[in-house]
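Step one of this worksheet: look at the structure below.
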Amino acid sequence: MTSGTIRQCAVLAGGLGTRLGALTAALPKPLLPCGDRPFLAWLLRELSRYGVTDVVLLTGHLSDRVAEQVAAIQQTLPIKLTIAMSNEPSPAGTGGALWHARDLLDERFLLVNGDSLLDGNLGRLLADAATDGPDVTARLALRDLPDASRYGVVDWQDGRITAFRERPPAAAPGMINAGIYVMRRAILDSIQPECSLERDVLPGLAAQGAVRGSVIGGWFIDIGIPDDLARGQRELPLRLRRPALFLDRDGVINRDHAYVGHRERFDWTDTALDAIRTASDAGWHVFVVTNQSGVARGMYSEADVLALHAWMTGEVRRHGGTIDDLRYCPHHTEGSVAAYQRPCHWRKPAPGMLLDLIRVWNLAPANCVLIGDQPTDLAAAAAAGMPAQRFHGGDLCAMVREIVRGSPAALA
């Protein structure tokens with residue numbers, strides 16, 4: 001089965017930004033500040049929530065300024081990303097930017113505009129893309145807008161995009177391309193060194209039945225004009241400091257068969273996947289925090305834990321949700337493996353795992369909730385200053401639904 005996780009994302013960051021006038025004379029659009037960091041830093045932070053670990057910046061205009069900022073942007077990110085650059089030698093269009101990066105691209109990759117951001121559940125897009133066969137070359141995130149007059153619009157039916165059209169009349173509604181794509185490397189067969197994806201490539205592929213679309217709700221910002229840049233600078237930092245759901249693993253999202261270190265013994269609880277998707281749809285972070293003393297006891301390795309968690313998060317994304325980040329503690333004082341035979345401040349009931357996530361993701365503990373099945377889980381939450389609920393089995397999704405509905409911090 002195709003994983004719901006796509007590790008690579010190419011970011012279109014080479015536009016001239018002419019509609020912003022003097023603001024982009026010395027600074028490319030993706031580097032314009034929004035709050036305490038460039039717009040690009042917020043965009044990469046969001047992509048990392050959905051499993052992206054490898055970024056290719058498609059640069060052109062003022063590429064040297066982008067290169068100067070890469071290290072500083074990496075320091076702002078809660079998850080380490082590998083960032084490479086592909087610089088077009090002269091303006092080549094959105095398709096040409098991909099063509100120049102052709103030697104860097106994976107078989108499947110995300111492509112996003114570097115000047116727009118959709119604060120919606122991209123797990124829905126990844127889930128749909130995981131069902132696409134090899135005949136689908138590209139899948140687009142779509143937005144249904146009451147006024148689409150700034151954008152080109154698409155025609156679509158039953159998930160298939162049939163045509164790309166020019167901007168509608170003023171104040172007319174329309175379905176727009178949100179600037180987020182899942183692509184197969186085969187798209188390069190349709191791309192020239194200088195071309196536009198929107199005008200020259202995607203319409204032809206749509207006519208062949210090779211383009212699909214997924215409607216994704218949520219808050220959308222395109223900083224291409226001064227008014228929307230100002231709105232982004234006001235709203236973006238607030239939107240993306242979101243509430244968070246912390247989940248224990250064994251006994252909450254999977255049945256506790258004792259020392260579950262391999263996929264073969266992993267058994268989802270009945271509504272766990274739905275619960276995670278519900279939190280993702282509501283705009284919440286989802287984190288997993290789990291004691292894994294099976295490593296210290298020699299029952300499985302840390303590599304086994306990492307492999308299991310990679311599969312687990314891929315399955316969550318295939319189901320339309322995401323796990324933003326995970327922490328586990330492999331230590332135990334009664335372990336048989338010397339390297340792990342010690343006390344650890346990450347092992348619940350100590351709060352180390354929770355505090356680390358709070359720190360790197362800039363969370364407010366009062367806007368976080370932990371669900372666990374053991375008193376040690378609740379004690380860790382209390383020590384971290386966050387509320388908690390104990391899961392006694394049953395419908396985890398119903399519990400999560402009430403949490404996200406009842407919190408004043410939940411996003412609209």
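Does Arg277 satisfy the criteria of being charged (D, E, K, R), in contact (Cβ under 8 Å) with a residue 24 or more places away in the chain and in contact with a Phe, Trp or Tyr (Cβ under 9 Å, 6 or more places away or on another chain)? Don't jump to the end; show me each part of the working.
Values: charged (D, E, K, R): yes; in contact (Cβ under 8 Å) with a residue 24 or more places away in the chain: yes; in contact with a Phe, Trp or Tyr (Cβ under 9 Å, 6 or more places away or on another chain): no.
No, not satisfied.
For (1) in contact with a helix residue (DSSP H, G or I) (Cβ under 6 Å, 6 or more places away or on another chain); (2) surrounded by 15 or more Cβ atoms within 10 Å (Cβ to Cβ); (3) of a type outside the set (Ser, Thr, Tyr), each residue gets a yes or a no:
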| residue | (1), (2), (3) |
| --- | --- |
| Ala206 | no, yes, yes |
| Ile253 | yes, yes, yes |
| Glu264 | no, no, yes |
| Asp267 | no, no, yes |
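Only one of these is surrounded by 15 or more Cβ atoms within 10 Å (Cβ to Cβ) and under 26 Å from Val404 (Cα atoms): Leu245, Leu238. Name it.
It is Leu245.
Residues of segment 290-335 being among the small types (Gly, Ala, Ser) and within 16 Å of the chain's Cα centre (by Cα), which ones? First the steps, then the outcome.
Narrowing segment 290-335 to residues among the small types (Gly, Ala, Ser): 293-294, 296, 298, 301, 303, 307, 310, 314, 320-321, 335.
Listed by number, the residues that qualify are Ala310, Gly314, Gly320, Gly321.
Check whether at least one residue in segment 297-310 is in contact (Cβ under 8 Å) with a residue 60 or more places away in the chain and closer than 28 Å to Arg242 by Cα, and report yes or no.
Taking segment 297-310 as the starting set, the residues that turn out to be in contact (Cβ under 8 Å) with a residue 60 or more places away in the chain are 310.
Still in the list and also closer than 28 Å to Arg242 by Cα: 310.
Within segment 297-310 (the criterion being in contact (Cβ under 8 Å) with a residue 60 or more places away in the chain and closer than 28 Å to Arg242 by Cα), the answer is yes, since at least one residue qualifies.
Going residue by residue through segment 86-94, is there one that turns out to be β-branched (Val, Ile, Thr) and surrounded by fewer than 17 Cβ atoms within 10 Å (Cβ to Cβ)?
Within segment 86-94, none of the residues are β-branched (Val, Ile, Thr) and surrounded by fewer than 17 Cβ atoms within 10 Å (Cβ to Cβ).
Go through segment 281-298 and report how many residues are in a loop (DSSP other than H, G, I, E, B) and among the hydrophobic types (A, V, I, L, M, F, W, C). Let's see the steps before the verdict.
First, the residues of segment 281-298 that are in a loop (DSSP other than H, G, I, E, B): 282-284, 292-298.
Right, trim to among the hydrophobic types (A, V, I, L, M, F, W, C) and you get 282, 284, 295-296.
Number of matching residues: 4.
With Ala97, Ala72, Ala41 as the choices, which residue is modelled with pLDDT of 95 or more, of a type in the set (Gly, Ala, Ser) and touching a strand residue (DSSP E or B) at 6+ places or on another chain (Cβ under 8 Å)?
Working: Ala72 fails: touching a strand residue (DSSP E or B) at 6+ places or on another chain (Cβ under 8 Å); Ala41 fails: touching a strand residue (DSSP E or B) at 6+ places or on another chain (Cβ under 8 Å).
None of the others qualify; the one that does is Ala97.
Check whether at least one residue in segment 86-105 is among the aromatic types (Phe, Trp, Tyr) and within 19 Å of the chain's Cα centre (by Cα), and report yes or no.
Looking through segment 86-105, none of the residues is among the aromatic types (Phe, Trp, Tyr) and within 19 Å of the chain's Cα centre (by Cα).
Looking at Ser301, Ser280, which is the one that is hydroxyl-bearing (Ser, Thr, Tyr), buried (at least 23 other Cβ atoms within 10 Å of the Cβ) and not assigned by TED's automatic domain parsing to the domain that holds Arg139? Before you say what the answer is, go through the steps one by one.
Details: Ser301 fails: buried (at least 23 other Cβ atoms within 10 Å of the Cβ).
Criteria check complete, one pass: Ser280.
Yes or no, residue by residue, for (1) farther than 30 Å from Trp42 by Cβ; (2) in contact with a Pro (Cβ under 7 Å, 6 or more places away or on another chain); (3) part of a helix (DSSP H, G or I):
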site: Ser336; (1), (2), (3): yes, no, no
site: Pro349; (1), (2), (3): yes, no, no
site: Leu370; (1), (2), (3): no, no, no
site: Asp377; (1), (2), (3): yes, no, yes
site: Ala398; (1), (2), (3): yes, no, yes
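For residues that are outside any helix (DSSP H, G or I) and more than 23 Å from Leu378 (Cβ to Cβ), tally how many sit in segment 299-334.
Here the count works out to 7.
The values are calculated or read from the model by the stated rules, or taken from the named source; none is laboratory data. What you are looking at is a predicted structure, and each value in this text was computed from that prediction instead of being measured. Note that we place each Cβ from the backbone using ideal geometry, even for glycine, and neighbour counts take in every protein chain shown.
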